[in-house]
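Here the structure is laid out as structure tokens; the discussion comes afterwards.
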Ligand code: SF4
Ligand code: SF4
């Protein structure tokens, strides 16, 4: 049977067998200290606690005032010890609130709220107040995603359970262990957007989960939720790629899924939506995969947001000698980290400890113009021309070849025989493109002329 898929893409070694059989276990480091970045998706926040404050789990500790602001909450009950920059995913420093546990289980959750009986404004505000962002990687504010303007009618919600990144199995475990909450989060999303149907998209390497999902859907009596297998191919879980594969709709450049009548939600986000209404629980913890041959045993863990990965070693995460690389996220789109002392954030779906055999150490050589990168690109871009433009400092040309539409999936780098680090060039190119835009904006505003906001 031909399953829905897309053109281009790659088949990297999956390595999901390392962790897929392990149920999600709760973990907390014995240090009982968390470092919570004050901004984790959406507009920049500022702390609303000071050093010495006593905080309860679920209490807001940072927020902003913009429409895209998403509050951040204390993930444990304790005392604010410091507010200082710390290493975070991406190897940058970000302002964090450091909380030391006081040994209590005090919580500051909201009252449960029936999403089907309250008005839409109250429901959308509940999602924002609970600090929910996309947990699959992009950390886009969920209250914005679900508050679709009436001129963009939504007919379908897609639950993204493709989980195409090698090694990661946390979505797979969630399908097995928390299917009821996923269905509930989907129903709430449909109610808020007016969508008449929902599709749970699962790659066929997890086809064994579909009967279980269908049983839960049948029990919930939700007739309009389907399960759809898609071909196992990377990056099948890319938002635009998935929409094209399942619905046959092309999301145009610089547009969003809502522009083609759908909303895509990661399964972790759907669970968080259900918890926000049924338990009044803010997004204070998350489940993630810990894997790679560097681990004695790979795992799926649930930890408080802000847990430092290094604090889980060696009590929870036992490593083999000779770890070569630590990655926050998956091997294709994740970030190679300087060390393990970085916090789990709302969008940290996994952390990998890789050995030499799993790490490409081949040196980059000059491009040979083979065109493999073009054939692999799921977005139909011409990576080699983007590369040449960026190397020539011609960012405008790189943009014409599609630089700003690049989803940084790494398929082109994977197939490149010259081992050109294409994604790194594209990230650099995007930084330069945005810097040029900011400079132009500043020059024009100095002349007091109107200027359209950067939409890239
Ligand atoms: S795959 Fe690598 S070597 Fe081939 S054209 Fe693209 S960048 Fe050049
Ligand atoms: S150009 Fe971008 S979207 Fe295309 S394969 Fe490379 S990283 Fe992926």
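Structure summary
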{"quantity": "Filter result (assigned to a loop (DSSP other than H, G, I, E, B), at pLDDT 95 or above and over 29 Å from residue 413 (Cβ atoms)) within region 1-26", "calculated": "21, 22, 23"}
{"quantity": "In region 342-358, the residues that are crowded, with 18+ Cβ neighbours inside 10 Å and either within 14 Å of ligand 1 (Cβ to nearest atom) or in a loop (DSSP other than H, G, I, E, B) (or both)", "calculated": "342, 344, 345, 346, 347, 348, 349"}
{"quantity": "Residue check for residue 131: at pLDDT 95 or above, assigned to a loop (DSSP other than H, G, I, E, B) and within 25 Å of residue 333 (Cβ to Cβ)", "calculated": "yes"}
{"quantity": "Qualifying positions in region 372-403 - within 15 Å of ligand 1 (Cβ to nearest atom) and exposed (fewer than 12 other Cβ atoms within 10 Å of the Cβ)", "calculated": "392"}
{"quantity": "Filter pass, residue 328 being away from ligand 1 (no atom under 16 Å from the Cβ), surrounded by fewer than 23 Cβ atoms within 10 Å (Cβ to Cβ) and closer than 30 Å to residue 401 by Cα", "calculated": "no"}
{"quantity": "Cβ-Cβ under 7 Å pairs, at least 6 apart or on other chains, region 229-247 side in the same structural domain as residue 262 (by TED's automatic domain parsing), far side within 16 Å of ligand 1 (Cβ to nearest atom) and not in a loop (DSSP other than H, G, I, E, B)", "calculated": "234/10; 234/411; 235/411"}
{"quantity": "Residue in region 139-154 that is in contact with a strand residue (DSSP E or B) (Cβ under 9 Å, 6 or more places away or on another chain) and within 23 Å of residue 232 (Cα to Cα) present", "calculated": "no"}
{"quantity": "Any chance residue 369 is at pLDDT 95 or above and not in a loop (DSSP other than H, G, I, E, B)", "calculated": "no"}
{"quantity": "Helices (runs of 4 or more DSSP H) contained in region 372-431 and holding at least 3 residues at positive phi and modelled with pLDDT of 95 or more", "calculated": "none"}
{"quantity": "Of residues in region 46-74 being over 19 Å from the mean Cα position of the chain (by Cα) and under 21 Å from residue 342 (Cβ atoms), the one surrounded by the fewest Cβ atoms within 10 Å (Cβ to Cβ)", "calculated": "47"}
{"quantity": "Failed criterion for residue 276 (all others in (1) in a strand (DSSP E or B); (2) within 19 Å of residue 193 (Cα to Cα) hold)", "calculated": "(1)"}
{"quantity": "Selected residue [over 15 Å from residue 75 (Cβ atoms), surrounded by fewer than 21 Cβ atoms within 10 Å (Cβ to Cβ) and in contact with a helix residue (DSSP H, G or I) (Cβ under 8 Å, 6 or more places away or on another chain)] from 29, 12", "calculated": "12"}
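The values are calculated or read from the model by the stated rules, or taken from the named source; none is laboratory data. All figures in this text were calculated on a predicted structure; none of them were measured in a lab. With ideal geometry, Cβ positions are generated from the backbone for all residues, glycine too; neighbour counts draw on all protein chains shown.
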